[in-house]
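Each value in this text was obtained by applying a stated rule to the coordinates, not by laboratory testing. Given the structure is predicted, the values throughout are model-derived calculations rather than measurements. Don't worry about glycine lacking a Cβ; one is built from the backbone with ideal geometry, like all the others, and counts go over all protein chains shown.
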Amino acid sequence: MRIVHYLNQFFGGIGGEEHAGTALEIRDGAVGPGRLLEQLLGSECHVVTTLVCGDNYAVENQDALTAKVLEKVRAANGELFVAGPCFLAGRYGMSARALCAAVQNKLNIPVITAMAAENPGADLYREFMYIVDSGDNGAKMRDVLASMAALAQRLMRHETIGSPRAEGYIARGLIRDQFVERSAGQRLVDMVLKKFKGEAFDSEMSPTQFAPVPLPPAIADLTKAKVMLVTDGGLVPKGNPDRIQGSAATRWGSYSIKDCQDLNGADYEISHGGYDPQFVRQDPDRLVPLDVMRDLEREGVIGQLHEEFISTSGLSNPLSNTRRMGREMAAKAKELGIDAIILTST
């Protein structure tokens, strides 16, 4: 069995964040964690090619990288494509899942990757492929690779794959028919009784968990407040200088509105594929209400409007990724002494 393995710059042995811009490199044989993976897969499986790429380069050049990876997998006559494990590395996870999806769809060979459930790469494609739950602890590399190897072997043998709990992969959100001895009503009553008694039980449906967000205190005096505009509607300057993706964006940008009273559609474009942007193109103030905020500033309703607005695309974005970007934006706002944020959407 011929295997092609994709690694980022860290696991590929190039270096840390300072090498995140490294372009795709092709290595013969197994590299880093690929050596252990090869052992775990058995004597009939060999990593024939390792593809190593920097995290920044991967997400900023996804289309070109995907085309190159498909070319290399074909040239290697790959029979299994493995990416990762990625653990909590978000950019690594995003590129790994995109490459796995492309290889699976274009070349029709088995693929497998591994990452933490909170990795932004896990949410978008878990329904279409098997993603081993790596957790967030890189020290468990051997255990994660063992789970990847076991699941990969079953995929290559075209065996029926069991439940996420039995096989160790992240739940795909699929519903399968299954013969059971007890009816749904009986199982439900059993769970309710266990919950009432404070006993442990397993739910057959795990809803997405949202941590409670406490309501912030009201602004004591709005006339002295420094206000910032933020949007997830994808408004960016012409040319999209930060290359914010129109879907599943991994980045956000901060753009100057200093000495500007009104946004001009000729100066902006929309990087967002989820709505009809024609009205925003005509007048960007419909999405980022700079004109109204300047009026409020002149009238003394607010103390000051910050001289930049923040923008990203909120389309098809995994919760884990939006949480990360939200934390980054909040940190910037705190650093700037922002008192209030007006967040606009589509």
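Observations on the model:
- Compactness of the range 13-153 as Cα Rg over 2.2 N^0.38 Å, two decimals: 0.95
- 222 nm mean residue ellipticity, helices alone, for the chain (DSSP H n ≥ 4; -39,500 (n - 2.57); rounded to 500): -10500 deg cm²/dmol
- Taking all Cα-Cα distances within the chain, those exceeding 30 Å account for 49%.
- The H on the amide N of E308, modeled in the peptide plane, is under 5 Å from the matching H of I257, each at least 5 residues off or on a different chain.
- Comparing G274, G253, G185 in a Gaussian network model of the chain where C-alpha atoms under 10 Å apart are linked, the largest mean-square fluctuation is found at G185.
- Sequentially through the range 112-118, phi angles give Karplus couplings (6.51, -1.76, 1.60; θ = phi - 60°) of 8, 9, 8, 6, 6, 4, 7 Hz, Gly and Pro residues having no value and appearing as x.
- Positive contributions from Lys and Arg (+1) and negative ones from Asp and Glu (-1), summed over other residues with Cβ under 11 Å from the Cβ of T346, come out at -1.
- Between D177 and F196, the simple spin-label model (points 7 angstrom out along Cα→Cβ) gives 3.4 nm.
- Convex hull of the range 238-336 built on C-alpha atoms - directionally averaged projected area, nm²: 6.8
- Ratio Rg/Rh [Cα only; Rh per Kirkwood] for the range 99-226: 1.13
- Neighbours of V82, meaning other residues whose beta-carbon lies under 13 angstrom from its beta-carbon, give a summed charge of +1 when Lys and Arg score +1 and Asp and Glu score -1.
- With N counted as the residues of the range 178-251, its alpha-carbon radius of gyration over 2.2 N^0.38 Å works out to 2.15.
- Loop sites here are chymotrypsin sites (Phe, Trp or Tyr not before Pro) outside DSSP states H, G, I, E and B with no more than 15 other Cβ atoms within 10 Å. The longest part of the chain free of them is 1-127.
- Overall, the ratio between the Cα radius of gyration of the range 101-147 and 2.2 N^0.38 Å, rounded to two decimals, is 1.21.
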